[in-house]
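Below is one structure, written out as structure tokens; the observations come after it.
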Amino acid sequence: QVQLVESGGGLVQPGGSLRLSCGASTFTMAYYAIGWFRQAPGNEREGVSCISSSDRSTYYSDSVKGRFIISRDNAKNTVYLQMNSLKPEDTAVYFCAAGGYCSGDKYAYEYWGQGTQVTVSS
């Protein structure tokens, strides 16, 4: 069952930017660490970023560090992933996930969205 909803994906040229949003209408996201994962065709789902629920600590994979920024707006019950300087290798379906703590391991998360497609191409 889908419990989180991602939006903001689309087609963008290399070097461009997109902002992804993750929201939930039926539960409060502030109680959870929220992670972003991505999965390209034929590849494993990999961790991209995470923001904690308590001290708002943020984490990034080496491949996106310095280009992506994760943030949350608890009043809007939304977590964002600002993606800058996009590369073709960023092309994937992006998922948000909620769990008790930040981890790069997908098994740390209890709830998942359905994913949103990001395509970086000229």
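The values are calculated or read from the model by the stated rules, or taken from the named source; none is laboratory data. Please read these numbers as outputs of a predicted model, since none were measured by experiment. Glycine also receives a Cβ, built like all others from the backbone with ideal geometry; neighbour counts cover every protein chain displayed. SASA here: full protein model, heavy atoms, side chains in, ligands and nucleic acids out. Shrake-Rupley method; radii C 1.70, N 1.55, O 1.52, S 1.80 Å.
Considering only region 1-32, state which residues are within 18 Å of Tyr94 (Cβ to Cβ) and aromatic (Phe, Trp, Tyr).
The answer is Tyr32, and nothing else.
If you scan region 85-104, which residues turn out to be open to solvent by 50 Å² or more (accessible area, probe 1.4 Å) and either farther than 18 Å from Leu4 by Cα or among the small types (Gly, Ala, Ser) (or both)?
Answer for region 85-104, where residues must be open to solvent by 50 Å² or more (accessible area, probe 1.4 Å) and either farther than 18 Å from Leu4 by Cα or among the small types (Gly, Ala, Ser) (or both): Ser85, Lys87, Pro88, Glu89, Gly100, Gly104.
I need the full set of residues from region 74-84 which are of a type outside the set (Gly, Ala, Ser) and surrounded by fewer than 14 Cβ atoms within 10 Å (Cβ to Cβ), in order please.
Scanning region 74-84 gives Asn74, Lys76.
Does any residue of region 74-84 turn out to be without any contact (Cβ under 8 Å) to a residue 60 or more places away in the chain, among the hydroxyl-bearing types (Ser, Thr, Tyr) and closer than 17 Å to Val5 by Cβ?
Checked against the condition, which is being without any contact (Cβ under 8 Å) to a residue 60 or more places away in the chain, among the hydroxyl-bearing types (Ser, Thr, Tyr) and closer than 17 Å to Val5 by Cβ, region 74-84 yields at least one hit.
List pairs: first in region 24-35 and open to solvent by 40 Å² or more (accessible area, probe 1.4 Å), second among the hydrophobic types (A, V, I, L, M, F, W, C) and not in a loop (DSSP other than H, G, I, E, B), Cβ under 6 Å, 6+ apart or cross-chain?
Tyr32/Ala98
Go through region 36-73 and report how many residues are open to solvent by 50 Å² or more (accessible area, probe 1.4 Å), among the basic types (Lys, Arg) and within 16 Å of Tyr101 (Cα to Cα).
Qualifying residue count for the region: 1.
For Ile69, which of the numbered conditions (1) without any contact (Cβ under 8 Å) to a residue 24 or more places away in the chain; (2) out of contact with any Phe, Trp or Tyr (no Cβ under 9 Å at 6 or more places or on another chain) fails to hold?
Just one mismatch for Ile69, condition (2).
Quick check: anything in region 1-11 among the charged types (D, E, K, R) and within 12 Å of the chain's Cα centre (by Cα)?
Yes, there is a match, as at least one residue in region 1-11 is among the charged types (D, E, K, R) and within 12 Å of the chain's Cα centre (by Cα).
For region 98-114, state whether one or more residues are part of a helix (DSSP H, G or I), of a type in the set (D, E, K, R) and over 13 Å from Phe37 (Cα atoms).
Scanning region 98-114, I find no residue that is part of a helix (DSSP H, G or I), of a type in the set (D, E, K, R) and over 13 Å from Phe37 (Cα atoms), so the answer is no.
Can you work out which of the residues in region 8-22 that are among the small types (Gly, Ala, Ser) and within 20 Å of Gly47 (Cβ to Cβ) is surrounded by the most Cβ atoms within 10 Å (Cβ to Cβ)?
By that ranking, first place goes to Gly9.
Somewhere in region 78-87, is a residue in contact with a Gly (Cβ under 7 Å, 6 or more places away or on another chain), part of a loop (DSSP other than H, G, I, E, B) and closer than 18 Å to Ser121 by Cβ?
Yes, there is a match, as at least one residue in region 78-87 is in contact with a Gly (Cβ under 7 Å, 6 or more places away or on another chain), part of a loop (DSSP other than H, G, I, E, B) and closer than 18 Å to Ser121 by Cβ.
Ser71 - would you say it is part of a loop (DSSP other than H, G, I, E, B), farther than 15 Å from Gly9 by Cα and not aliphatic (A, V, I, L, M)?
Judged against the criteria, Ser71 is not a match.
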